[in-house]
């Protein structure tokens, strides 16, 4: 799913079961639909560390974007707090075969302008991600789609090959349903303050200033699960201390933007609920560009990366040093603990050692060191601090790391544009569903070393590709999971990435409130009803 998703989304196997060919009928949204008696507070003020760049999924693949758009847009399927997938705009769905899925679309749903939502809107909402003129940031997620067609009220998606990830995608931002005519007429400015989106979710946009605030009010045409707030005001507060003071002063009621470095402090003051996010943070190194094409350079930088100190100093209570792209928790419920442990124990790692880093660099094509520049997202304080630590430690071995601060959206677009010489990139991402194949595919498969691809290492290994493809096509989720473990181990031998941490996030609300702990993929669900005001 997504770069620097401080929240996605985004998927643990234990929370979902393999889907057969039987229709999954509409069921109540457990803990999502709120009884009217609980709605004692009418307005919610919510803090954001940064505002959504746009309110249109193709141009904003981010956690904050998901959290806001999930309240505005209807979704083909959605996710319950327990991680289960349930129908939403679709009344039912079924897996026809390993490469075909059918979705029956509800009748009578209306957009916030009063117009009927049609199956043409649903088909368009998926197809547009594959349209080059749209240039969707989610295009890679649909790269295995062969066709999207409709007959009557049924939409059929056919895949090129079996794909373990597909069944989850309609419950992610890919599944948001947009009004076809409105998007086509305003594509260049859609989802910006110039052209506010029209959706079929519980709220509509009243006011949108990207760097300041966003106000949502009820959509009077919405007939889905009840929500408790009449108005939601998102306030953008980039400074962590100011955000905390706003909580203390009552200017905001809660936030997802709990600073990782201050998690324990926030926990002592507010009602804070940790969220298992499965987020990976680390570095990618362009293996087609000197000096990163030299494994001695890559190994030297790995040795010079002090993951343990970064976790202890910057993410206490919310992070763990990482060794590969997938958090091992994504395998729980599918594989036993011993198998997971063995899979991770076999991964090659290079614990922090300046002496070993210097020795490795001495064997490289640049024994006296070198200078390079890394783009850093200006809207991520945590990544900014991690980058400063890297600057200091890399300097100890003769590597000068310069930081180029830029907005998160354009920074991510640099990776997607995939121009030559991507150099060193710092990334933060999480899976969009409970399938470990996705992250392995995005960062280790050679097809992603291209325009719209996430593989900024430009890593290409046919043996790794084959393992990932077998995992995607595996009918048995255990077999697929074991293949991903094998792919991670094999890729680690080439050092295409330097892992830093696996991180969680947190929901903070004022002390008199509480929040239900959500699953890892809450950000595209009706998350407002996780909040309990009394």
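Observations, loosely collected:
- Residues within the reach of a label modelled at residue 96 (point 7 angstrom out along Cα to beta-carbon, backbone nitrogen below 11 Å), restricted to region 119-156, are 147-151, 154-156.
- Enclosing the Cα atoms of region 473-534 in their convex hull gives a volume equal to 150 cubic angstrom per residue.
- Direction-averaged projected area, Cα convex hull, region 194-333: 13.8 nm², rounded to one decimal.
- FRET efficiency estimate (nearest 0.05) - Cβ-Cβ, residue 41 to residue 342, R0 60 angstrom: 0.75
- When Rg and the Kirkwood Rh are both derived from Cα coordinates, the Rg/Rh ratio for region 108-220 amounts to 0.98.
- Over the C-alpha trace of region 193-259, radius of gyration and Dmax come out as 13.9, 39 angstrom.
- Going by neighbour counts of Cβ atoms within 10 Å, the residues 441, 352 line up, fewest first, as 352, 441.
- Histogram of C-alpha separations across region 276-504, 5 Å bin width, %: 1, 7, 14, 19, 21, 18, 12, 6, 2, 0, 0
- Peptides 370-378, 489-497 ordered by packing proxy, namely the average of other Cβ atoms within 10 Å per residue, highest first: 489-497, 370-378.
- Cβ-based exposure ranking for 46, 502, in which fewest neighbours within 10 Å come first: 46, 502
- In this simple spin-label model, placing a label point 7 Å from the Cα along the Cα-to-Cβ direction at both residue 265 and residue 290 gives a separation of 4.7 nm.
- Average silhouette area of the chain, convex hull of alpha-carbon atoms, in square nanometres: 22.2
- Each principal axis of the Cα atoms in region 390-515 has its own extent, and those three values, largest first, are 51, 42, 29 angstrom.
- Two-site label geometry, residue 107 and residue 188: point separation in nm, points 7 Å out along Cα→Cβ: 4.0
- Sequence of 164, 88 once ranked by neighbouring C-beta atoms within 10 Å, starting from the fewest: 164, 88
- Measuring how big region 102-172 is from its alpha-carbon positions, Rg and Dmax come out at 13.0, 39 Å.
The numbers here are math on the coordinates, done by the rules we state, and not lab data. Keep in mind it's a predicted model, so treat the numbers as computed, not measured. When we count neighbours, we look across all protein chains shown, and the Cβ atoms used for this are built from the backbone with ideal geometry, even at glycine.
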